[in-house]
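Below: the structure, in structure tokens.
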């Protein structure tokens with residue numbers, strides 16, 4: 001009698017890695033200024049605003065933004081702080097103002113939050 005092999009379930013970390021989109025896959029990513037066009041001062045302002053909004057617990061031991069800590073901090077975020085961060089991104093980092101106005105709507109709030117924090121979190125990755 002042959003037995004069927006047990007179903008193999010991938011480790012949670014492997015499943016989470018597959019679920020995580022690259023920034024260019026995030027809805028609305030084309031609306032924001034590409035990182036290669038950002039001045040160093042703008043990148044510093046964005047990082048500074050992110051840290052004021054979420055606190056420095058989003059940084060890893062090397063001072064880089066940790067994506068897992070960023071997600072946890074965003075989920076505990078005060079709504080006024082989130083609104084201010086959305087406005088900050090909208091005022092300084094939008095490449096397509098008309099597209100941004102269409103995208104940045106109440107009925108699309110979850111996608112807007114995902115986009116602005118993915119944008120800020122992307123700067124913490126070494127490839128940028």
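Here, each number is a calculation from the coordinates, and none is a lab measurement. These numbers come from a predicted model, not from an experiment. For neighbour counting, all protein chains shown are included, and Cβ atoms are generated from backbone atoms with ideal geometry for every residue, glycine included.
For residue 30 and residue 80 in the same chain, what is the full-extension length gain: residue separation times 0.36 nm, less their Cα-Cα distance, in nm?
Numbers: separation 50, 0.36 × 50 = 18.00 nm, distance 2.55 nm.
Full-extension gain reported as 15.5 nm.
Under a plain spin-label model, where a point goes 7 Å from the Cα along Cα-to-Cβ, how far apart in nm are residue 43 and residue 87?
2.8
For a footprinting-style exposure proxy, rank 106, 35 by other Cβ within 10 Å, fewest first. Walk me through the intermediate numbers first.
Working: 106 6, 35 17.
So the ranking, lowest neighbour count to highest, is 106, 35.
Take 47, 53, 22 and order them by how many other Cβ atoms sit within 10 Å, fewest up front.
Working: 47 16, 53 19, 22 11.
By the 10 Å Cβ count, ascending, the order reads 22, 47, 53.
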